[in-house]
Amino acid sequence: SSELNDFVSIDPMTGAGTVVGSVGMKHILSLAYIDEIVLGVEDDENNVNIPTAYSLKQNYPNPFNPSTTINFSLPAESDVKLVIYNMLGQEITTLVNEQIPAGNHSVIWNANNSGGTQLTSGIYFYKLTASGTNGSKFQDVKKMILIK
């Protein structure tokens, strides 16, 4: 089409769309944005779907800037430690170090070190270690890329 596409805001509660303006480009199929940044741990409401196994998911977005989300699943209440490392294996910051109930969990990281300083572009690793109250143990490491 030769027409410019509309930029539409969708109310997540009702699903109703409101035209905000023009995207200014042709052939755009979809575009999304979030108008707020929230940093913290989020749990599934009432943890209705308790996972059957431990898992550490790939962060998203990846590459990221300025923040990324790390999801993990716990089949049992566990002592959890989620740590960020640089390429040299040096600990940058600890995002989680506490006992967490079984369920699916999310942590949003804003690319700051433990002192609150913004990190530079590069490759970082995140490691999840979990020790379940039922005696189970889990450990996994994933790679992520920060691009400034």
Original post:
Going by average Cβ neighbours within 10 Å, how do the peptides 73-83, 116-126 rank, with the highest at the top?
Top reply: 73-83, 116-126
Original post:
Under 5 Å between amide H atoms, partner at least 5 residues away or on a different chain: which partners does E77 have, H built in plane at 1.01 Å?
Top reply: A102, T133
Original post:
Tell me, what ³J(HN,Hα) does each residue in region 108-114 have, in order and in whole Hz, if you take phi through Karplus 6.51 cos²θ - 1.76 cosθ + 1.60 with θ = phi - 60° and put x for Gly and Pro?
Top reply: 9, 10, 9, 6, 9, 7, 5
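Can you put I145, I92 in order of accessible area, largest first, using a 1.4 Å probe?
On the way: I145 55, I92 25 Å².
The residues order as I145, I92, largest area first.
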Original post:
What is region 42-148 by shape, rounded, prolate or oblate, if you read a ≥ b ≥ c off the alpha carbon gyration tensor as root eigenvalues and call it rounded for a/c under 1.5, prolate for a/b larger than b/c, and oblate otherwise?
Top reply: prolate
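The values are calculated or read from the model by the stated rules, or taken from the named source; none is laboratory data. Treat the numbers as computed from the prediction; the structure is a model and nothing was measured. Counting neighbours? That spans all protein chains shown, and the Cβs are built from the backbone with ideal geometry, glycine included. Surface accessibility is based on the protein's heavy atoms, side chains included, excluding ligands, DNA and RNA. Shrake-Rupley method; radii C 1.70, N 1.55, O 1.52, S 1.80 Å.
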